[in-house]
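Heads up: the structure comes next, in structure tokens.
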């Protein structure tokens, strides 16, 4: 029987290694796999390259991972959000590097990484400072830049319902980057609010087919990042 | 009120012009918008470039359009299927041109056309006769070829349920190329088994968001291509 | 969020209302963060528009009541929103396929500067110690068919935001179609800034003086602009 | 579809059964048209495998009873199939993202020719009046991690299909990992064709004679191969 359930978040993240590229789902707090991130903080892996649209907020979740000095590089589109103070400090002090990628280019690079496309052309960033270092090329009288597919060693994502095969359903705009990160990572680790038997998810509605998922942890009542931040919580 | 319903198939296809590129959904008979194709035959547009995985079967649907001499060029991956006799004749006599594209490259080119990606690199066809005329490039010690996005003036597709905004659900493997063709065509025309009011389709399950759809025709009991072919039917 | 009446020209809500007048019925629209977000509230009676938010929702509705809503149903500004009937959720690559593929009809954005060629700067002041952050702005201006900018005509320090050449880092070159400011509506044309309309109580000279590039007078209109 | 017992070597069903022995439990597998399709029926008891068909289905099950099923639930060979519990449907670009992105573990394909370097020719005999048709074969060999070929060892005319250099147009260069024929199991190695196993009643010389390139004997095995 195919059954991708892991016993715990700790077990699910146990083999994340120093220097790994870890894709982390979520746009702001929506879809952030905060329990998996906390397990990764406990686990101890360091020198990570993290791919996420933002850099977390307060001192929990992704911000706590950064604060713990585990992230040597962030790849993101918007590292500056409300209550985001941890990353700016480390960035200014030179302890965490930043690769700034336009949001749509970031999404397309991740999708390309998952789809076996090594590189593609896009109009985004042409004629701006973010074009620097990129190859420019003209198609049909318009200029485009070459962008490269982006893959991860691991993806940590959150969903609403999973089955044992790893078929996933998400919650509203918490879907965001998670389906493409599941495609782009060698090992995709999911925290799901609910885990059901195969056959309980309508095959017409599956968002992430199980082929992209490796491990599933049930987290029935995930904490809410904004609530923790409002309470002034910090992890660990 | 946004309402993309057209009164009839004839009205929906009325502005397809001579020389247009028409993307036609379907993989074999699954998802073939046969009533829309028949309306296009009645309508009379000619010198069409048609994008479809195959070339139809028997003398109905896409095969009938080709047989009527309306298609000057087919872009497809597999023009040779059971009961497919119309295209081979016209191809051999030089009356219909063929651009043969590997199936996955065809799908990705259509998706790119819809996603504003002018070109991308893929490993498919490297070292084969279908690499001819393509630009080759090495990324990370592996060779790839450059492929171009493919767009259409019109797409004709079939679905199971549509709402007035054009949100679509498909039926099983009849989904195939239709969602990406809806993205890649300037005008997307849909025949749907059922049309419902906005709100009746779960927003988590929408496969094609309405933004990609322009006109919807209700075809409650579509004919089945294989049945027509078995009966020896021909259109008109 | 307070909207005090300025000494002259439009308030931010009046600017949002003015933009809303020009949004075509039935269009697909993306609204940026800030004043652009307010546009939705002023859509004229009888028009239906479908709002796209790049974090994965078409058919975005207004914000829910305070303390209601779902923290996982948010807009690009990370504020809670609602989903209307006919909405759909999708992932980020599909969302930006809508943007990059030219499927969004109209985008309304804020600006730091707009040049007479339609160059837009709205993501960075280029300060060396600032944390660079671009979000989806570059994708929006590269992909959406029509770009409206809504902005104060000048900075708080009184510097013009409509300029000959942007001094701030660009979001995209030659992308802006029209500017709605507190003082005027200005089109970007091949001849440069073309005045379309003046706010009540403002004349051409007043606006021209606060514009950092040549401003062409209203076509066929009076130079005073108060016709 | 009839499967008459050959004078020597395996029947097509026996070939399919032999391939099935080597399919790892829990893997994601794509089966080509023809003999490969039969492999699913012979998966050993206790193994669970998820079948992918490139026209948009993971979790493909066996064909339904004659005249049953849905004409819109078909496999890549356009035959009616079923969907098992845990199945998912998706569009063609997503389906080939699975293939090209290296997510499918194993693909079993037919062949016209396989070269000692693992080059595969299985889509065209190169005849000038033939209608060229490639389908998804080139994507599969370029993207799937492990490629098994199942084929008769020789053509009906007695020509070897395992060759030094393919004379037919290639589907992909250096892509085949292992060949299952009616006579033998042969690995493609950096040294060329490596015999792994002989069909019952067949000896090394018999297979070598029918192989169009050097065939390395079973490692550590008897040259007669009937140990």
Peptide-level mean, for D:63-76, of C-beta atoms on other protein chains within 10 Å: 4
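Which ordering of A:173, C:11 is given by a fewest-first count of other beta-carbon atoms within 10 Å?
Least to most surrounded, the residues fall as C:11, A:173.
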Share antiparallel - DSSP beta bridges, the protein assembly as shown, percent rounded to 5: 40
Copies compared at residue C:155 - label distances in nm, ascending, label defined 7 Å from Cα in the Cβ direction: 7.7
Inter-site label distance for residue C:216 and residue D:125 at 7 Å from Cα along Cβ, in nm: 6.8
Projected label distance in nm at residue C:42 and residue A:7, using a 7 Å step from Cα toward the beta-carbon: 6.2
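How long is the gain from residue B:200 to residue B:233 if the chain were fully straight, where each residue apart is worth 0.36 nm and the alpha carbon distance is subtracted?
The residue B:200-residue B:233 span can extend by a further 8.2 nm.
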Relative contact order (%) - chain B, alpha-carbon pairs under 8 angstrom, separation at least six: 25
Relative contact order of region D:12-221, defined on C-alpha pairs under 8 angstrom at six or more residues apart (%): 17
Two-decimal Rg/Rh across chain A, once Rg and the Kirkwood Rh are taken from alpha-carbon atoms: 0.98
Fewest-first sequence of D:108, B:229, B:217 by Cβ atoms within 10 Å of each Cβ: B:229, B:217, D:108
Cβ-Cβ FRET estimate between residue B:14 and residue B:72, R0 fixed at 25 Å, reported to 0.05: 0.75
Structure-based [θ]222 nm, the protein assembly as shown - -39500 (n - 2.57) summed over DSSP H runs of at least 4, per residue, nearest 500: -5000 deg cm²/dmol
Tail weight of P(r) past 40 Å, computed on alpha-carbon pairs of the protein assembly as shown, percent: 43
Shielding by partners, peptide A:210-220 (average Cβ within 10 angstrom, other chains): 2
Per-residue Cβ neighbour rank within 10 angstrom, fewest leading, D:171, B:128, A:218, B:49: A:218, B:49, B:128, D:171
Simple spin-label estimate for residue D:155 and residue B:141 in nanometres, 7 Å along Cα-Cβ: 3.7
DSSP-defined antiparallel bridges as percent of all bridges, chain D, nearest 5: 50
Prolate/oblate/rounded label for region D:10-158 (Cα gyration tensor, a/c 1.5): rounded
Label distances, nm, residue A:193 versus same residue in remaining copies, Cβ-directed 7 Å point: 3.0
Hypothetical label at residue B:148: residues of region B:56-93 whose amide nitrogen lies under 13 Å (7 Å Cα-Cβ projection): none
Computed FRET value (nearest 0.05) for residue B:46 with residue D:22, which takes r as the C-beta separation and R₀ as 51 Å: 0.45
10 Å Cβ neighbours from other chains, averaged over peptide D:168-176: 3
Calculated label separations, residue B:43, copies of the chain, 7 Å along the beta-carbon direction, nm: 5.4
Degrees separating the helix D:12-21 axis from the principal Cα axis of chain D, which is the longest one: 80
DSSP-defined antiparallel bridges as percent of all bridges, chain A, nearest 5: 30
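Quick note: the coordinates plus some simple rules give every number you see, no bench work behind them. Please read all numbers here as calculations on a predicted model, not as lab measurements. Reconstructed Cβ throughout: ideal geometry from the backbone, glycine too, with neighbour counts over all protein chains shown.
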